[in-house]
Amino acid sequence: MIKPEVLEGIECKVCGNKDPQKFKEAFVKDGMSIVECSVCEFVFLPYYYRKDIVYTNYKDEKVLEQVRKGNDWLKLQRHFLRYKLLKKYQKDGKLFDLGVGWGHFLEAGRQLGYDVSGIEISEMPYRYAKDDLKLPVEKIDFFDMKVQENYYDMITMWDVLEHIDECKKVVVKCCSMLKKGGYIVIQVPQIDSFIAKNQKANWKMMGLDHVNYFSIKTMTKILEENGFKVRTFKSSMELKLLLMYTILPMVKKLKGNKNKTTVISSAERQEYYNKTTNRPKWMLKIMLFFHDMIYNTMSAMNIGEEMVVIAEKV
């Protein structure tokens, strides 16, 4: 049962429903009510639980240290795979990345000839993208950023929109920034994916860190009611995240107390990734071949826990 204080001021950011009677509890995770809008079926974590959460210090110095020790060549290959899809819709032009993270996606785009730029609110990823990769990135909140309307050919968001309570405002602002015929590309955890449906409240993508849990239906609704036409959906499984968030905890449990909850820091996850991928380049190329084959096969079979949507401004 949803607590009355959780429903106070509640609003569905997809359809605008504000009636507390038209929300139901979809899941309970760590004592929190994940709710579903009875009007449009959008699943989200109420703002009540997240009002004190900020992302300016999302990663710390220890994570930055491990990222600097990582293999940039290998990280770029993952993003070149993404561009194989993007180039079917936009081969070049002005590309803006909202939430650039460590910046490897933008760096791959720059190497492929795109005119890239972006923003990142978290200090350590911003510092790496700006100072280490020398990318044209600003540290600013998207809602505070002054924009040029009808300017960009493509806007991308990789694992960003699930973190933002005001997701509709993001879509509307992105639409104003794009040229007519330009594209928005969004990757988010998918609540109606094969994995999410099977794991339910145990799904690792569900928790305080993520507020929005889009399905194909609700993602289509928020885009097509705010200036876009969806062109394609693609199931996605980030194998790097599988390694860091699923395999590493299993390894830690096997080495320690199987009944004890293991807390793993972001720095530890990055360090484990670095150790796993610290191989000769010829070996990494073989690993990449199988990575791409597995990724593409799982995507074609619609087995994943995230979705990539590409929509055109109309």
Exercise. Residues with amide H under 5 Å of A26's amide H, sequence separation 5 or more or different chain, H placed in the peptide plane at 1.01 Å from N; which?
Worked result: I34, V35, E36
Seminar exercise, completed: Scoring only Lys, Arg, Asp and Glu (+1, +1, -1, -1) among other residues with Cβ under 11 Å from the Cβ of C40 yields +1
For this session: Sort 295-301, 183-189, 80-86 for me by packing, meaning the mean count of neighbouring Cβ atoms within 10 Å per residue, highest on top.
Result: 183-189, 80-86, 295-301
Exercise. So, with a 1.4 angstrom probe, what is the percent of accessible area on the chain that is carbon and sulfur?
Worked result: 52 percent
For this session: For K3, go through the aspartates and glutamates and keep the ones whose alpha-carbon is under 12 Å away, minus same-chain ones fewer than eight residues off.
Result: E25
Seminar exercise, completed: Given a Förster distance of 22 Å, the FRET efficiency implied by the Cβ-Cβ spacing of A300 and K91, rounded to the nearest 0.05, works out to 0.40
Exercise. Out of residues 5 or more away from E306 or on other chains, whose amide H comes under 5 Å of its own, with H placed 1.01 Å from N in the peptide plane?
Worked result: Q190, S236
Seminar exercise, completed: Spelling it out for K59: with amide H atoms placed in the peptide plane at 1.01 Å from N, the residues 5 or more places away or on another chain with amide H under 5 Å from its amide H are E123, M124
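Can you give the convex hull volume per residue for the Cα atoms of the range 165-314, as a whole number of Å³?
153 Å³
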For this session: Show that you can apply the helix-only estimate: for the chain, add -39,500 (n - 2.57) for every DSSP H stretch of four or more residues, divide by all residues, and state [θ] at 222 nm to the nearest 500.
Result: -10000 deg cm²/dmol
Problem set entry | For the range 65-198: rounded, prolate or oblate by the Cα gyration tensor [a/c cutoff 1.5] | rounded
Exercise. Hey, what do the phi angles of the range 279-290 turn into as Karplus ³J(HN,Hα) couplings, whole Hz, using 6.51/-1.76/1.60 and θ = phi - 60°, x for Gly and Pro?
Worked result: 9, x, 4, 5, 6, 5, 5, 5, 4, 5, 4, 6
For this session: Assuming a ≥ b ≥ c are the square roots of the Cα gyration tensor eigenvalues, decide whether the range 148-230 counts as rounded (a/c under 1.5), prolate (otherwise, with a/b larger than b/c) or oblate.
Result: prolate
For this session: Compute the distribution of all C-alpha to C-alpha distances in the chain, in bins of 10 Å from 0, and list the percent of pairs in each, rounded to whole numbers.
Result: 5, 25, 36, 26, 8, 1
Problem set entry | Packing-based ranking, highest mean first, of 285-292, 102-109, 171-178 given that Cβ atoms within 10 Å are counted | 102-109, 171-178, 285-292
Problem set entry | Relative contact order of the chain, pairs being alpha-carbon contacts under 8 Å that are 6 or more residues apart, as % | 19 percent
Exercise. In sequence order, what are the phi-derived ³J(HN,Hα) couplings for the range 111-122 according to the Karplus relation 6.51 cos²θ - 1.76 cosθ + 1.60 with θ = phi - 60°, rounded to whole Hz, with x for glycine and proline?
Worked result: 5, 8, x, 6, 8, 9, 7, x, 9, 8, 8, 7
For this session: Can you give me the P(r) profile for the range 1-142? Cα pairs, bins 10 angstrom wide beginning at 0, each as a whole percent.
Result: 11, 29, 22, 26, 13, 0
Exercise. Taking Cα pairs under 8 Å and at least six residues apart, what relative contact order does the range 94-136 come out at, in percent?
Worked result: 46 percent
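Pulled fully out, how much extra length does the chain show between E8 and D141, if you take 0.36 nm times their separation in residues and subtract their Cα-Cα distance?
Values: separation 133, 0.36 × 133 = 47.88 nm, distance 2.63 nm.
Net length gain for the segment: 45.2 nm.
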Seminar exercise, completed: Computed over the range 1-71, the convex hull of the Cα set has an average projected area, in nm², of 7.0 nm²
Exercise. Roughly speaking, what is the stretch gain from V172 to L239, that is 0.36 nm per residue apart minus the C-alpha to C-alpha distance, in nm to one decimal?
Worked result: 21.0 nm
For this session: Work out from phi, with θ = phi - 60° and the Karplus expression 6.51 cos²θ - 1.76 cosθ + 1.60, the ³J(HN,Hα) of each residue of the range 301-314, listed in order in whole Hz, and give x for Gly and Pro.
Result: 8, 6, 10, x, 10, 10, 10, 10, 10, 10, 10, 9, 6, 10
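In Å², and per residue, what accessible area does the chain have when probed at 1.4 Å with the other protein chains present?
Counting only protein heavy atoms, the per-residue value for the chain is 50 Å².
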Exercise. Rg and Dmax of the range 94-158, using alpha carbons, in Å: what are they?
Worked result: 10.9, 31
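The values are calculated or read from the model by the stated rules, or taken from the named source; none is laboratory data. Only a predicted model underlies this, so the values are computations on that prediction, with no experimental measurement involved. Glycine also receives a Cβ, built like all others from the backbone with ideal geometry; neighbour counts cover every protein chain displayed. The protein model used for the area step is the full one, side chains on, heavy atoms only, and it has no ligands, DNA or RNA in it. Shrake-Rupley method; radii C 1.70, N 1.55, O 1.52, S 1.80 Å.
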